[in-house]
Structures are given as C-alpha cells and as structure tokens.
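One structure is given below, encoded as structure tokens.
Every number here is computed from the coordinates shown, using simple stated rules; none is lab data. All figures in this text were calculated on a predicted structure; none of them were measured in a lab. Positions of Cβ are generated from backbone atoms using ideal geometry, with glycine treated the same way; all protein chains shown enter the neighbour counts.
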Amino acid sequence: MQQPTVLIVSDDPSFSSAVTGRWQSEREMPAFTLMGSDLCHALDPETFDLAIVAGSRSRGLTALQKALAGKPAVFVLEENCPAQQLREARACGAALRKHEDWLETLVLLGSEILRRTEATTRAEQAEQAGAVAAVEATLGRYMLEARHNLNNALTSVLGNSELMLEPGILSSVARSQAETIHNMALRMHETLQRFSSLEKELRAAGKESKGRAVAASRT
C-alpha cells in the first residue's frame, strides 16, 4: 500500500511543526500536507487519508465536514473550548482537547486510524479480487464441462470431413472448402487438448499446495 497522507488544517505554524516533529519518532511516518483553514474548502478527498484540524471555530465545522467528504478527521480543540463546540466536532469526527498529553494522544489516535483505514482498504481489495476469482472459476468450470460436448462434436466434424476428402467424392472447389473445415477442426481440437493439459497441471499444483499446507501445519 502507498504511504498514507495526513492533511493538517491549521493557521498556526507551530501546531503543524509540533505534530510532524512528534510523528517523526514513530516507526511508520505518513506524508504530510499542510493547509490553512481559508484554503481547505475545495479539497480533493482522494489526496489524503486522515485530516487533523486545529483551531477551527464552531461556525466553520459544517463547511469543513463537507470539504472532508467523509474522510477520517481529528479536531484538536483548546482545553477551555465550549461544550457545544466539542459536541459539534465529535459529530464531524474525533475530537481531542489540548490537555497535558494531547500531542501523544493525537499521534496515537492518528496512527490507529491510518492502520484501520489500511486494513479496510486491503479487505475491500481482497473482496473484489475474490469476486473476480469466483467469476473466473465459474467460467473455467463451464468450459471444462463443455469440453466433452465440444470434443464429441469435433470428432464428428473431423470424421465426416475426412470422408469427404476421399478421392473422387467432391469437386476441386468443394474439396478445398472441406480441407479448410478439416484444418480448422484440427486447430480447435488442439486448443481443447491444451485445456486438458492445463486442468491436469492445476490439479497437480493444487495437490502440491495442499500437501505443503498440511506439512506446515504439522510443523
């Protein structure tokens, strides 16, 4: 997965410096985008994974909520902020008051949100891959089941075309057409034979993989 990006919305340069400086001591550090509150209302939600908003007034929370477009957000509020502002911030995302260890809590909370976002993305990708694999498996089973009917039809086409190619049965023009039918039928037969070989290889690989899994579990 690509490096996650944290958007810091603040008009206080010291706040951004404090957050980025503290995050540098973590094992996994995201990329940061810094933006003032007056420029954040035309955000592209695909450009960041988590927003950290500081110093936002109550009247600006609604506009910020729309701009964040459902992205995870943490609002850092002053310790003496009104209860109404705290409730409104919590309605938009996570709210954190500036107490003694607010920076440690912020980095811990932000890291956890990013890990959860990554896990959710991986789960969605795995679900999509599983859906595609299920469709392909259904198609593969259908082709294997239809192979026998196709083989029987091709056997009839090949047999009859060979009889038609016996000397003296067809005119030169019709004989040329019968040869074309015969050659195309042979090519289709070769393709079906490849399906048979592929099926055997897949079955063998499946048994080998199962054997390794059993051996690993025993170990």
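A few notes on this one:
- Considering only R115, R87, R27, the mean-square fluctuation computed in a Gaussian network model of the chain, springs between alpha carbons under 10 angstrom, is largest for R27.
- Helical mean residue ellipticity (222 nm; -39500 (n - 2.57) per DSSP H run of 4+; nearest 500) of the chain: -23500 deg cm²/dmol
- Reach of K210 by Cα under 18 Å, taken over aspartates and glutamates that are not fewer than 8 positions away in the same chain: E199, E201
- The chain, relative contact order [Cα under 8 Å, separation at least 6], %: 14 percent
- Mean-square fluctuations from a GNM of the chain, with a 10 angstrom spring cutoff on Cα atoms, peak among V76, V135, V53 at V135.
- Long hydrophobic helices in the chain, taken as whole DSSP H segments with a C-alpha length of 15 Å or more on their own axis and mean Kyte-Doolittle hydropathy at least -0.5: 13-23, 58-68, 102-164.
- Inter-label distance for A123 and N160, nm, one decimal - labels placed 7 Å from Cα along Cα-to-Cβ: 5.7 nm
- Within-14-Å neighbourhood charge of E166 [Cβ basis; K, R +1; D, E -1]: -1
- Residue among M35, M164, M143 with the largest mean-square fluctuation in a Gaussian network model of the chain, springs linking Cα atoms under 10 Å: M164
- For segment 133-200, the extents of the C-alpha atoms along the principal axes are 52, 16, 16 Å, listed from largest to smallest.
- Cα principal axis extents for the chain, largest first, Å: 104, 52, 28
- Estimated dipole of the chain in Debye, rounded to 20 [Cβ of Lys and Arg +1, of Asp and Glu -1, Cα centre]: 640 debye
- Applying 0.36 nm per residue to the separation of T20 and E112 and subtracting their alpha-carbon distance, the gain on full extension is 31.5 nm.
- Net charge, L202 excluded, C-beta distance under 13 Å - Lys, Arg +1, Asp, Glu -1: +2
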